[in-house]
Amino acid sequence: MSWRNMDNVFAPREAWPALMVKAQAGDRDAYTQLLRAIVPAIRAIVRKQVSDPVLVEDVIQDVLLTVHRVRHTYDPACPFLPWLMAISQARAIDALRHRGRSQRRETTADASLSEYAARDDSEHQDIQEELSRILDRLPSRQRQIVQHIHLEEMTLAEAAKRHNLSLSAVKSLLHRALTNLRRMGANHDQS
């Protein structure tokens, strides 16, 4: 069958497990046929969770990449569609979470800029000085992690890379720093 004819002919769902088994064995034609056949199913699954057409297409691409990366995990003794649905739903949720975080950051940043502009310079200077005094009471590494993550809005992964630390080490430092800051605040309130 030529490639042109294959564009319009999709393998039925019943053939997907066999195509995946062939793909796992290295059959490129079977893999290409499978990927083309599953796109409409992925689109239908993703559209149930995502309404933005542009984001739907992005999620479809992410699902296809994920299928490619984890195709070795498919067990031919199990149905194919639930495996595909799990991947599709997980990628859709990830995309929605990412979009939600981005929109929240943009809204928060806009609100923060408005509040900042409304304050006069002396009030801003007082806040900056107080923040510096509080952070200076933390051990150096904890202070740096708090500054990078909460003030410079780095991700945990970015902070880990910047400090040449593991992700769990950054999380631990951040947890200790926030615990120390809470203690300092409680001690300050009692005095």
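The values are calculated or read from the model by the stated rules, or taken from the named source; none is laboratory data. Bear in mind that the values here come from a model prediction, so they are computed numbers and not experimental data. Counting neighbours? That spans all protein chains shown, and the Cβs are built from the backbone with ideal geometry, glycine included.
General remarks:
- In the range 147-163, the residues that are closer than 15 Å to Ala177 by Cα reach residues that are among the hydrophobic types (A, V, I, L, M, F, W, C) and part of a loop (DSSP other than H, G, I, E, B) with C-beta atoms within less than 7 angstrom, at least six apart or across chains, in these pairs: His148/Met154.
This table checks each residue for (1) surrounded by 15 or more Cβ atoms within 10 Å (Cβ to Cβ); (2) modelled with pLDDT of 90 or more; (3) over 30 Å from Glu152 (Cβ atoms).
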site: Phe10; (1), (2), (3): yes, no, yes
site: Lys48; (1), (2), (3): no, yes, yes
site: Asp52; (1), (2), (3): no, no, no
site: Thr107; (1), (2), (3): no, no, no
site: Ala111; (1), (2), (3): no, no, no
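- Selected residue [assigned by TED's automatic domain parsing to the domain that holds Ala11, closer than 24 Å to Val21 by Cα and within 21 Å of the chain's Cα centre (by Cα)] from Arg36, Arg69, Arg47: Arg69
- The range 136-156, residues that are at pLDDT below 80 and touching a Lys or Arg at 6+ places or on another chain (Cβ under 9 Å): Glu153
- Considering the range 68-92, the residues that are in contact with a helix residue (DSSP H, G or I) (Cβ under 8 Å, 6 or more places away or on another chain) and basic (Lys, Arg) include one that is surrounded by the most Cβ atoms within 10 Å (Cβ to Cβ), namely Arg91.
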